[in-house]
Amino acid sequence: MAAAVFRASLLGWRTGVLPGCGLRRLSQTQGPPNYPSFVESVDEYQFVERLLPPTSIPKPAKHEHYPTPSGWLPPRDALPNLPYSVRRSRMHNLPVYTDITHGNRHMTLIRKVEGDIWALQKDVEDFLRPLLGKTPITQVNEVTGTLRVKGYFEQQLKAWLLERGF
């Protein structure tokens, strides 16, 4: 108890004010600051809107014949009756990509797989087995919806997915 009284008297000696004297810090006595008011200008917002990116990518235009000169094909109107589906990317392309890891490991990735990814793995293995002469090495990631195939098979898998209606 004596140590607490001694500490309080030292604090009062340094600051000149004894604790419990009814003084408050300055931030407790003042209200919120008065900021100057502002005016919203709706007329000039048109200049800001043209700088903002579009919120969605528009649907592709209908063409007279497919494939287009760039080689793009739209998905079929009715999805195939399969336990899985492969969604298109936001630019309406098939999500089949090639990847090189560790300097020389060539991989093909099929992303955006929804549904039974294991059925897709079996179908991809059945499709690539005659091309390779053996069963291809594949890896399934259920969390990200990605199927990896060892080797470069981007063109073959894109053609196969288009044939199936994706």
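The condition (being within 26 Å of Ala78 (Cβ to Cβ) and small (Gly, Ala, Ser)) is satisfied by just one residue among Gly151, Gly115, Gly133: Gly115. Lys150 passes all but one of (1) at pLDDT below 95; (2) in contact with a His (Cβ under 9 Å, 6 or more places away or on another chain); which number fails? With (1) at pLDDT below 95; (2) in contact with a His (Cβ under 9 Å, 6 or more places away or on another chain) applied to Lys150, the lone miss is (1). Scanning segment 68-120 for residues that are β-branched (Val, Ile, Thr) and within 21 Å of Thr138 (Cα to Cα) turns up Val86, Val96, Thr98, Ile100, Thr101, Thr108, Ile110, Val113, Ile117. Candidates Val96, Val124: the one that is of a type in the set (Val, Ile, Thr) and under 30 Å from Lys62 (Cα atoms) is Val96.
Would you please name the residue that is farthest from Thr98 (Cα to Cα), looking only at residues in segment 108-166 that are aliphatic (A, V, I, L, M) and part of a loop (DSSP other than H, G, I, E, B)? Reasoning before the result, please.
Our first condition is that a residue be aliphatic (A, V, I, L, M); within segment 108-166, this holds for 109-110, 113, 117, 119-120, 124, 128, 131-132, 137, 140, 143, 147, 149, 157, 159, 161-162.
Still in the running and part of a loop (DSSP other than H, G, I, E, B): 137, 143.
Numbers: Ile137: 15, Val143: 20 Å.
Among residues in segment 108-166 that are aliphatic (A, V, I, L, M) and part of a loop (DSSP other than H, G, I, E, B), the one farthest from Thr98 (Cα to Cα) is Val143.
In segment 91-107, the residues that are in contact (Cβ under 8 Å) with a residue 24 or more places away in the chain reach residues that are open to solvent by 80 Å² or more (accessible area, probe 1.4 Å) and in a loop (DSSP other than H, G, I, E, B) with C-beta atoms within less than 9 angstrom, at least six apart or across chains, in these pairs: His92/Lys59; Val96/Arg111; Tyr97/Arg111; Thr98/Tyr152; His106/Tyr152; Met107/Tyr152.
Any residue at all in segment 47-58 that's surrounded by 10 or more Cβ atoms within 10 Å (Cβ to Cβ) and modelled with pLDDT of 70 or more? Looking through segment 47-58, at least one residue is surrounded by 10 or more Cβ atoms within 10 Å (Cβ to Cβ) and modelled with pLDDT of 70 or more. If you go through segment 98-120 and keep only what is surrounded by 11 or more Cβ atoms within 10 Å (Cβ to Cβ) and more than 22 Å from the chain's Cα centre (by Cα), you end up with His106, Trp118, Ala119, Leu120.
Of all the residues in segment 70-97, those that are of a type in the set (A, V, I, L, M) and open to solvent by 60 Å² or more (accessible area, probe 1.4 Å) number 3.
The values are calculated or read from the model by the stated rules, or taken from the named source; none is laboratory data. The shown structure was predicted, so the numbers you read here are calculated from the model rather than taken from an experiment. Ideal geometry is used to build each Cβ from the backbone, glycine not excepted, and the neighbour counts take in all protein chains shown. Just so you know, the surface numbers come from the protein's heavy atoms only, side chains and all, with ligands and any DNA or RNA stripped out. Shrake-Rupley method; radii C 1.70, N 1.55, O 1.52, S 1.80 Å.
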